[in-house]
Amino acid sequence: MSWKGRISTVVVGALVGLVVAVFLVVLPATAATKRAAISGMLSKPGYTVIALAANGNATSARASHGGFSLRPPADRVTLQLRAPNGIYAGPVVIGSGRHGARAIVGVRAGARLGRIAIDVRRGYARVARRVAKRWVDTSRWARARKGVPIGAGNFGRVRSKPPRHPPPGDLDADGVPDRLDVDTNGNLILNDVDRSTLSRARTAQAESPFWIGTSLFGGWYGTVVNVDANAGAVTDADIDRSLAKNEYVSIGILPGSPELDCGGAPDPNNPQGWIGGLSYCTRGGTGAMVLTVPTYPTFEPFPACCDPDGNGYGTLTNTSPPVPPPGIFSLKPNATSSQIRTGDVLIQRVTSNGVSTDTPTMLPFVFATAPALAAYDDGQGDKATIRYPPVDPMTAPGTHGNGFPVAAGPNGDAAVTLTFWRPQRRSIPPEPGAWTDIGKLTYWANIESVGASNVPGGNIDCPKSAYSVNDPNLTLSPDGNPGVTDLSTDQPANPANTITYTLNITNCLAAVGVAWNPGQETLIHFFAADGFTTSSSTTDTGFAVFTRR
């Protein structure tokens, strides 16, 4: 079974098992209408204020002119801000203690907060005047420096060991709630690749019914670039063109026909226009719903395709049958690395009996580049260093008719030692540089065809027995998954940062009863992913062709 089939199987089981749990998210909305509203006046207009409970329930209001009033989903909440452009703008601090080493972020229903000053540079906001004690919840606190939560400005990617008794909804007490924290347990490893604490770090985001996964697929070999490959020839503009063309987003849908709120608001001077928000999922933007009919994708503008009430928020529908309802929504952002990025806040809004319940989540990271094949060596004298980008991707070495030659070794098996550059993401402040090599990923190979025929069953993941490693940065993947897993953490992008593993192509094909004869080409895809869960993000090089000699 291919990686796609395996992930689809996981998706089906996970979504069915989560239906009951999701109803617990939706049902409390009625109670929210009975709670007194929280109000205040932001120092800047156009922000969205999110009242977030510890269990992830939320209500939100856009402060078009700065003022806001919203009924919280629970008696005690924290307030989180989304900037006019759709990116997370941090928590609202209500008070401080321990000489500035602790920030108080808990608010009670009915609180009147007065003026709230937004600090754009440091990524948080603070009330201008002392708030009455009856409206402050001191059980919701954060570690702070001079009263500023340590997670402010870095989306929660900060060193912060979970305390023995963490504040509700914030495992590492950094001030960024679990629902919006890219590093829930504060070990500087992003949730989606944090296998050491998988059961804890992914609880709040990736295993939620509302998850976001990104996929960067390469098509023809060499058309998806890597920032480190031949760095003098590859520019940020090359990366952005590749990203806009080849990036896809999958969204786990909540029950109840939710609308997707990506920020911003209708343009008062243009009934069909929109101001602010995330450009790839707001009215008039670049986003498109992806449908597969029957085997090739078609695209319809989103949210225009799916906005029956005309309010500018698209309704999410299951675009991924046979996944059962509520299913998965597929989106093609057509966005660059400055338009889709870590920190984007999306809200699913479910309305029942006139009452709306919001569930927010934050995009953890986006594969901006693919794992690039840097070199190969069959150990029998055939080897090559790969040039990026190729002069002509249709005729470059490693393409049909120009496959990399591979000879069998003394034991009769044809194996290749492969060296890759890691894929990158945009750096998260205060990480240095513009790009970061992504660590902790799983890498594997998938064979599509031999000669003129596809392998039985379609694309086949090479079994674990086909891999061997002699790289201190790698280990064979755990839990029966194919491929190898990177032991290194994220690090500044650098051409010297490579990983190497050996793939026994003969062994891989033998697993499905196929021989690789002299003169035949074989088409191999190379993948990297943050895991094999429902919400996994995946990227691949496209493919490379090897010719048996």
Inset, instruction - Please give the strands (runs of 3 or more DSSP E) falling wholly within the range 411-492 in which 3 or more residues are buried (at least 17 other Cβ atoms within 10 Å of the Cβ). - result: 415-421, 424-426, 435-437, 442-450, 484-486
Inset, instruction - Would you please list the contacts, defined by Cβ atoms under 8 Å and residues six or more apart or on different chains, that run from a residue in the range 68-82 that is over 18 Å from Y47 (Cα atoms) and assigned by TED's automatic domain parsing to the domain that holds L180 to a residue that is polar (S, T, N, Q) and at pLDDT 95 or above? - result: P73/T59; R76/S139
Inset, instruction - Quick one: in the range 493-505, of everything that is part of a loop (DSSP other than H, G, I, E, B) and of a type in the set (A, V, I, L, M), which residue is nearest to V234 (Cα to Cα)? - result: A493
Inset, instruction - Return yes when A63 is closer than 16 Å to V345 by Cβ, more than 27 Å from the chain's Cα centre (by Cα), surrounded by fewer than 23 Cβ atoms within 10 Å (Cβ to Cβ) and not aromatic (F, W, Y) and no when it is not. - result: yes
Inset, instruction - Output the number of the condition that D530 fails; it satisfies all remaining conditions of (1) out of contact with any strand residue (DSSP E or B) (no Cβ under 9 Å at 6 or more places or on another chain); (2) of a type in the set (D, E, K, R); (3) buried (at least 23 other Cβ atoms within 10 Å of the Cβ). - result: (1)
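Considering each residue of the range 256-298, count those that are more than 21 Å from the chain's Cα centre (by Cα) and either in a strand (DSSP E or B) or not small (G, A, S) (or both), and give that number. Spell out how you get there, then give the answer.
So in the range 256-298, the residues more than 21 Å from the chain's Cα centre (by Cα) come out as 256-257, 264-276, 283-284, 292-298.
Next, only the ones that are either in a strand (DSSP E or B) or not small (G, A, S) (or both) stay: 265-275, 283, 292-298.
Adding up the residues that qualify gives 19.
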Inset, instruction - Go through the residues of the range 346-353 one by one and say whether even a single one is part of a strand (DSSP E or B) and under 14 Å from the mean Cα position of the chain (by Cα). - result: yes
Inset, instruction - Look at the range 446-481 and say how many of its residues are at pLDDT below 95 and within 30 Å of D236 (Cα to Cα). - result: 1
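Any residue at all in the range 164-174 that is on the phi < 0 side of the Ramachandran plot, outside any loop (DSSP other than H, G, I, E, B) and crowded, with 23+ Cβ neighbours inside 10 Å?
Scanning the range 164-174 turns up no residue that is on the phi < 0 side of the Ramachandran plot, outside any loop (DSSP other than H, G, I, E, B) and crowded, with 23+ Cβ neighbours inside 10 Å.
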Inset, instruction - List every residue pair whose Cβ atoms sit under 9 Å apart, with the two residues 6 or more apart in sequence or on different chains, where the first one lies in the range 256-271 and is in contact (Cβ under 8 Å) with a residue 12 or more places away in the chain and the second, anywhere, is of a type in the set (D, E) and assigned to a strand (DSSP E or B). - result: D261/D358; C262/D344; G263/D344
Inset, instruction - Of all residues in the range 63-89, count the ones that are among the hydroxyl-bearing types (S, T, Y), touching a Lys or Arg at 6+ places or on another chain (Cβ under 9 Å) and part of a loop (DSSP other than H, G, I, E, B). - result: 0
Legend entry - Flag if G519 is within 29 Å of T336 (Cα to Cα), surrounded by fewer than 18 Cβ atoms within 10 Å (Cβ to Cβ) and either of a type outside the set (D, E) or touching a residue at least 40 places away in the same chain (Cβ under 8 Å) (or both): no
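The values are calculated or read from the model by the stated rules, or taken from the named source; none is laboratory data. Not measured: the values here are computed from a predicted model. Methodologically, a virtual Cβ is constructed for each residue, glycine included, from the backbone with ideal geometry; neighbour enumeration extends over all protein chains shown.
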